[in-house]
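**Student:** Take a look at this one; I'll ask things after.
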Amino acid sequence: MKESNENAYPSDDRVDVSDYRGSSGLKGMVENPYVLATALFASLGGVLFGYDQGVISGIQEMETFKARFDMSTTENAFVVAILTLGCWVGALIVGYFADKIGRKYSIVLNGIVFLIGSSFQGGAQTVPYLMAGRFVAGLSIGGLSMLVPLYQSEIAPPEIRGSLVSLQQLAVTFGILISFWIDYGCQNIPSEAQWRVPFCIQIALGLLLVIGIFFFPFSPRWLMAQGRDDEALQVLSKLRRVPINHPRVQEEYRDIKVTVIFEQRVEAQRFPDLSNGTTMDQFKIGCYGYLDLFKAGMFKRLFIACALQFFQQFSGINAIIYYAPKIMKSLGLTGNSVSLLATGVIGIINFLCTFITVLYLDKFGRKKFLLTASVCLTLCMVIVAAIVGVYEDDWPNHIAQGWVSVAFIYFYIANFAYSFGPLGWVIPSEIFPLRVRSKAMSISTSANWMCNFIIGLITPIMLDSIRFYTYVFFAIFCFISFFFVFFMIPETKGRSLEDMDAVFGGQTAAEDTAILDQVKTEVYGQQSATKPSSTQLQYEKEEF
Ligand code: BGC
């Protein structure tokens with residue numbers, strides 16, 4: 001397995017591998033150009049996620065779109081929201097493909113589904129045609145919303161994995177940003193190209209993802225789960241830009257080996273009758289695995305992950321992302337151009353404020369970010385509700401008040417962008433033990449999409465019927481989120497997975513650690529098994 005000419009490094013445990021570990025955060029990303037390039041490229045999936053969410057906001061206000069699709073408010077809402085219904089299904093089923101054909105080919109598959117969905121959207125002639133396109137595109141976006149962070153985390157060196165997960169949210173906000181400005185740029189085209197072009201531009205992005213991802217590596221972890229150890233070693237060496245027998249590669253290789261054997265061992269222990277390796281046995285093991293989520297200590301984590309996603313969505317963020325021009329008009333801005341311009345600014349603020357998380361989350365901690373945001377989001381919604389409530393019938397004489405409410409919408413976006421936006425994805429990825437993490441994440445991700453669907457559907461109906469109470473509605477959830485975060489979410493900054501049992505109660509991670517230490521003894525040999533049981537699970541304790 002080792003190459004003869006690559007003997008510059010002792011490949012055993014005489015070397016302290018931490019000497020070879022790089023920096024974290026942005027510096028660490030720059031020090032790992034190949035990993036960064038791969039993760040950035042994969043986050044094109046996040047750009048598609050954001051783009052398809054954002055593009056509809058401007059399109060639905062365009063004259064030629066309204067002329068082609070003569071829809072009631074409810075139909076219009078369904079066209080917007082059906083994307084997220086597709087995402088919900090996509091997020092639920094993608095786990096199977098991710099294990100079966102691998103992360104990379106699943107990204108290709110989802111990319112192809114995306115191409116079909118976005119072609120349907122771009123070429124839509126009727127409302128059902130358009131809805132079908134959005135549903136199919138949603139299937140792939142939901143899938144990509146699971147796959148991209150999974151792939152990113154599996155190629156990343158431990159010290160920058162957290163930053164890479166935040167990159168995904170940055171990509172989402174970038175997708176929203178460009179979609180808003182493309183809508184703005186196309187608004188004056190005097191034909192249906194006005195909305196077909198913004199829909200079709202995403203085809204180019206999807207094609208880039210499908211073709212480009214072939215040039216990037218397989219996930220080394222997936223390769224090893226398939227028994228393709230030699231290939232995994234090659235990939236690791238390429239990713240880390242050091243020879244195969246470099247201690248850093250060797251250590252990581254053994255760490256992954258430990259995880260793979262660990263998972264097989266746990267399965268065999270828990271399901272001795274299902275160890276024949278048949279498809280049916282695998283399927284049953286997969287289903288039973290979900291039961292672990294209802295164990296003491298684990299259910300609370302599942303509740304927190306799902307509730308956090310609930311509050312992320314019921315804060316009202318997508319009321320703004322999907323219906324920004326409509327909302328800008330409801331705040332007294334007149335003319336498509338002004339409201340699309342005001343919408344474009346939302347995209348910029350959203351994108352820029354996400355950098356705060358990438359740079360400072362680990363310094364300040366999750367709770368501080370969330371609690372500060374809950375207060376600010378509530379205030380913004382209350383102020384906007386008050387202004388709209390008082391002036392909504394007479395905006396022409398209260399232009400200044402209209403702009404004040406726009407300013408509070410901007411402040412709202414800024415607060416969402418550093419808090420519930422990224423943390424809705426970061427916290428679920430760090431509170432579960434390795435073994436149940438993907439299952440738990442697929443449930444919390446689908447909870448996110450289901451809530452997203454509901455918001456997409458009810459917002460325009462609320463704006464039309466209960467008007468300023470729409471903002472009161474969201475203010476209530478922002479307010480409750482403060483107490484949810486305060487009482488339910490423990491600070492997880494700097495905690496390892498082993499710590500999580502102490503934080504949440506329950507024994508799962510402790511039991512896992514016992515099995516893990518035994519596997520380590522086998523894989524590392526006696527000497528390294530006596531190292532603190534930090535090696536693999538510590539990978540989960542990232543700096544964000
Ligand atoms: C949410 C999306 C939202 C986006 C806004 C994401 O974290 O899941 O629903 O549109 O943030 O930036």
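**Student:** Quick one: net charge of T64's neighbours, Cβ under 15 Å, K/R +1, D/E -1?
**Tutor:** -2
**Student:** Right, another one. For the stretch 374-466, what is the relative contact order in percent, using Cα pairs closer than 8 Å and at least 6 residues apart in sequence?
**Tutor:** The normalised contact order for the stretch 374-466 reaches 24 percent.
**Student:** Quick check on the chain: helices-only [θ] at 222 nm, where DSSP H runs of length 4 and up contribute -39,500 (n - 2.57) each and the sum goes over total residues. Nearest 500, please.
**Tutor:** -26000 deg cm²/dmol
**Student:** How far is helix 44-59 tilted off the main Cα axis of the chain, in degrees rounded to 10, range 0 to 90?
**Tutor:** Between helix and principal axis, roughly 10 degrees.
**Student:** Here is a follow-up. Can you pull out the chymotrypsin sites (Phe, Trp or Tyr not before Pro) in the stretch 281-316 that DSSP calls coil and that have at most 13 other Cβ atoms within 10 Å?
**Tutor:** Details: sites: F283, Y288, Y290, F294, F299, F303, F310, F311, F314; in loops: none.
The qualifying sites: there are none.
**Student:** Can you work out the FRET efficiency for the pair L208 and Y105, with r the C-beta to C-beta distance and R0 = 22 Å, to the nearest 0.05?
**Tutor:** 0.85
**Student:** Once both labels are modelled 7 Å past Cα along the beta-carbon direction, what's the Y288-C200 spacing in nm?
**Tutor:** 5.4
**Student:** With angles folded into 0 to 90 degrees, how steeply does helix 103-123 sit against the dominant principal axis of the chain? Use alpha carbons for both and round to 10.
**Tutor:** Relative to the chain, helix 103-123 is tipped by roughly 10 degrees.
**Student:** Something else: So how far, in whole Å, is the C-alpha centre of the stretch 470-491 from the one of the stretch 400-454?
**Tutor:** With the stretch 470-491 and the stretch 400-454 each reduced to a Cα centre, they are spaced 12 Å.
**Student:** Let me ask you something else. How much length is gained on full extension from F41 to E263, taking 0.36 nm per residue of separation minus their Cα-Cα distance?
**Tutor:** Here the answer is 77.0 nm.
**Student:** Here's a follow-up. Between V390 and F355, with labels modelled 7 Å along Cα→Cβ, what's the label distance in nm to one decimal, could you check?
**Tutor:** The modelled label-to-label distance comes out at 3.6 nm.
**Student:** On to the next question. Measure up K104/K257; K104/K367; K27/K520; K100/K368; K439/K520 against 29 Å on the Cα-Cα distance and list the ones that go over.
**Tutor:** On the way: K104/K257 20 Å; K104/K367 34 Å; K27/K520 31 Å; K100/K368 40 Å; K439/K520 24 Å.
Going by Cα-Cα distance, K104/K367; K27/K520; K100/K368 fall outside the 29 Å limit.
**Student:** For a Förster distance of 45 Å, can you work out the FRET efficiency between the beta-carbons of I476 and D517, rounded to the nearest 0.05?
**Tutor:** 0.40
**Student:** In addition: Under a 1.4 angstrom probe, counting protein chains only, how are Y410, Y184 ranked by accessible area, largest first? All intermediate terms of the calculation are to be shown ahead of the outcome.
**Tutor:** Values: Y410 40, Y184 65 Å².
Largest accessible area first, the residues go Y184, Y410.
**Student:** Can I ask one more? Can you give the accessible area per residue of the stretch 16-142, in Å², using a 1.4 Å probe?
**Tutor:** 35
**Student:** What are the extents of the Cα atoms of the stretch 45-120 along their three principal axes, listed from largest to smallest and rounded to whole Å?
**Tutor:** 44, 19, 18
**Student:** With all protein chains present, how much of the accessible area of the chain (probe radius 1.4 Å) comes from carbon and sulfur, to the nearest whole percent? Don't jump to the answer; show the numbers that get you there.
**Tutor:** Details: 13370 of 20560 Å².
C and S atoms contribute 65 percent here.
**Student:** Turning to a different aspect of this structure: Quick one: net charge around I461, please, counting Lys, Arg +1 and Asp, Glu -1 for every other residue with C-beta under 13 Å from its C-beta.
**Tutor:** Cβ neighbours under 13 Å give a net charge of 0.
**Student:** How big is the convex hull of the Cα atoms of the chain, per residue, in Å³?
**Tutor:** 139
**Student:** Right, another one. On a 0 to 90° scale, report how tilted helix 508-529 is relative to the longest principal axis of the chain, with both axes built from alpha carbons and the result rounded to the nearest 10.
**Tutor:** Roughly 40 degrees, rounded to the nearest 10.
**Student:** Where does the stretch 313-472 land on Rg(C-alpha)/(2.2 N^0.38 Å)?
**Tutor:** Normalised by 2.2 N^0.38 Å, the Cα Rg of the stretch 313-472 equals 1.12.
**Student:** What stretch of the chain, leaving out the sites themselves, is the longest with no GluC sites (Glu not before Pro) in a DSSP loop having at most 12 other Cβ atoms within 10 Å?
**Tutor:** That would be 4-490.
**Student:** Mind checking the log10 I(q)/I(0) for the stretch 313-375 at q = 0.14, 0.19 Å⁻¹? Debye, one equal scatterer per Cα, no solvent, two decimals.
**Tutor:** The Cα Debye sum returns log10 ratios of -0.54, -0.81.
**Student:** If you average over every viewing direction, what projected area does the convex hull of the Cα atoms of the stretch 83-194 give, in nm²?
**Tutor:** 7.9
**Student:** A further question follows. Report V390's accessible area, 1.4 Å probe, all protein chains in place, as a number in Å² to the nearest 10.
**Tutor:** Using a 1.4 Å probe on the heavy atoms, I get roughly 110 Å².
**Student:** OK, next. Only Cα pairs under 8 Å and at least 6 apart count here; give the relative contact order of the chain as a rounded whole percent.
**Tutor:** Details: 848 pairs, mean separation 122.6, N = 544.
Computed over the chain, the figure is 23 percent.
**Student:** Give the Rg (one decimal place) followed by the Dmax (whole number) of the stretch 292-401, computed from C-alpha coordinates and expressed in Å.
**Tutor:** 18.1, 60
The values are calculated or read from the model by the stated rules, or taken from the named source; none is laboratory data. Since the model is a prediction, treat every value here as computed from it, not as a measurement. We place every Cβ from the backbone using ideal geometry, glycine too, and count neighbours over all the protein chains shown. In case anyone asks, the SASA skips ligands and DNA or RNA and just uses the protein heavy atoms, side chains included. Shrake-Rupley method; radii C 1.70, N 1.55, O 1.52, S 1.80 Å.
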